[in-house]
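The values are calculated or read from the model by the stated rules, or taken from the named source; none is laboratory data. Remember, predicted model here, so these are calculated numbers, not experimental data. A quick note on method: Cβ atoms are made from the backbone with ideal geometry, for glycine too, and the neighbour counts reach across all protein chains shown. What goes into the accessible areas is simple: the full protein's heavy atoms, side chains included, and nothing from ligands, DNA or RNA. Shrake-Rupley method; radii C 1.70, N 1.55, O 1.52, S 1.80 Å.
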Amino acid sequence: MNNLVSRILSFLTKQKVINQDEDTQAFYRYGIELCISSILNILLVLIIGVILNCILESIVFLVIFIFLRSFMGGYHASTYFRCNLLMCTSFTLLFLIYDKITLTNTFFFIISIIYIFVSTLIFCPVENPNKPIPPKKQGKLKILSIILCIAFFVLGVIFITNNIKLGEMVILTELLISCLVIIAKIKERSLKKNVKNYCKSD
């Protein structure tokens with residue numbers, strides 16, 4: 001990854017698309033790394049979709065996952081490899097659950113919407129350490145996150161009530177994102193606690 005990013009960065013610099021300023025180089029390096037990792041994530045999930053014969057499910061998963069995560073945020077792995085691994089593992093496990101169960105229980109719907117709504121209301125948006133969210137923007141992102149979560153949930157329920165199984169993938173993906181949001185918050189609080197303990201020890 002680093003070698004590829006360096007080559008792209010070097011090419012853009014030689015073509016005078018970007019200058020050699022250290023901050024500019026660092027900014028574009030991060031952007032290029034993020035783009036490559038995101039593209040790789042999408043390709044890997046689609047490949048798994050082809051292998052497991054669930055290409056439509058993989059597309060639904062990617063659309064909802066990418067769309068909601070852009071507003072809600074969530075857990076970020078410490079390396080791009082771990083990020084790719086987490087994405088592939090998450091989709092594979094989600095599909096195995098999706099393939100084995102049928103979500104038609106009213107109690108399940110109620111618990112799911114409460115869990116998704118509460119986690120979104122309390123914890124979203126989750127900041128990426130490399131991309132802080134301005135305070136003025138946090139309120140808007142929270143409102144958008146809630147609206148989108150409810151809208152996708154309703155869409156999933158409509159699909160299920162009309163015997164369209166893809167609705168289950170919609171709801172399961174939302175539940176996964178909510179879990180990643182909570183995991184991110186737990187990690188964030190753990191890091192803050194460690195920093196405080198370190199400062200006290202000094």
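The set of residues from segment 58-96 being farther than 24 Å from K187 by Cβ and β-branched (V, I, T) comprises I59, V60, V63.
Inclusion of L40 among residues that are in contact with a Ser or Thr (Cβ under 7 Å, 6 or more places away or on another chain), open to solvent by 40 Å² or more (accessible area, probe 1.4 Å) and at pLDDT 75 or above is not warranted. Taken together, R82, R7 contain a single residue that is at pLDDT below 85 and over 26 Å from F123 (Cα atoms), which is R7. Looking only at residues in segment 50-80 that are free of Cβ contacts under 8 Å to residues at least 24 places away in the same chain, in a helix (DSSP H, G or I) and not β-branched (V, I, T), the one that is most open to solvent (accessible area, probe 1.4 Å) is S70. Of everything in segment 98-115 that is hydrophobic (A, V, I, L, M, F, W, C) and under 28 Å from K142 (Cβ atoms), the residue that is most open to solvent (accessible area, probe 1.4 Å) is F107.
Of the residues contained in segment 185-192, none is found to be small (G, A, S), at pLDDT 90 or above and assigned to a helix (DSSP H, G or I).
Quick one: count up the residues across segment 156-173 that are outside any loop (DSSP other than H, G, I, E, B) and either closer than 13 Å to T104 by Cβ or over 18 Å from the mean Cα position of the chain (by Cα) (or both).
Number satisfying all stated conditions: 10.
Against the numbered list (1) part of a helix (DSSP H, G or I); (2) modelled with pLDDT under 85; (3) surrounded by fewer than 18 Cβ atoms within 10 Å (Cβ to Cβ), V118 comes up short only at (2).
Taking every residue in segment 123-142 that is closer than 14 Å to L68 by Cα and pairing it with any residue that is at pLDDT below 75 and of a type in the set (V, I, T), at least 6 positions away or on another chain, the pairs with Cβ-Cβ distances below 8 Å are P125/I133; E127/I133; L141/I133. Within the set E127, E174, the sole residue that is open to solvent by 50 Å² or more (accessible area, probe 1.4 Å), under 26 Å from L34 (Cα atoms) and of a type outside the set (S, T, Y) turns out to be E127.
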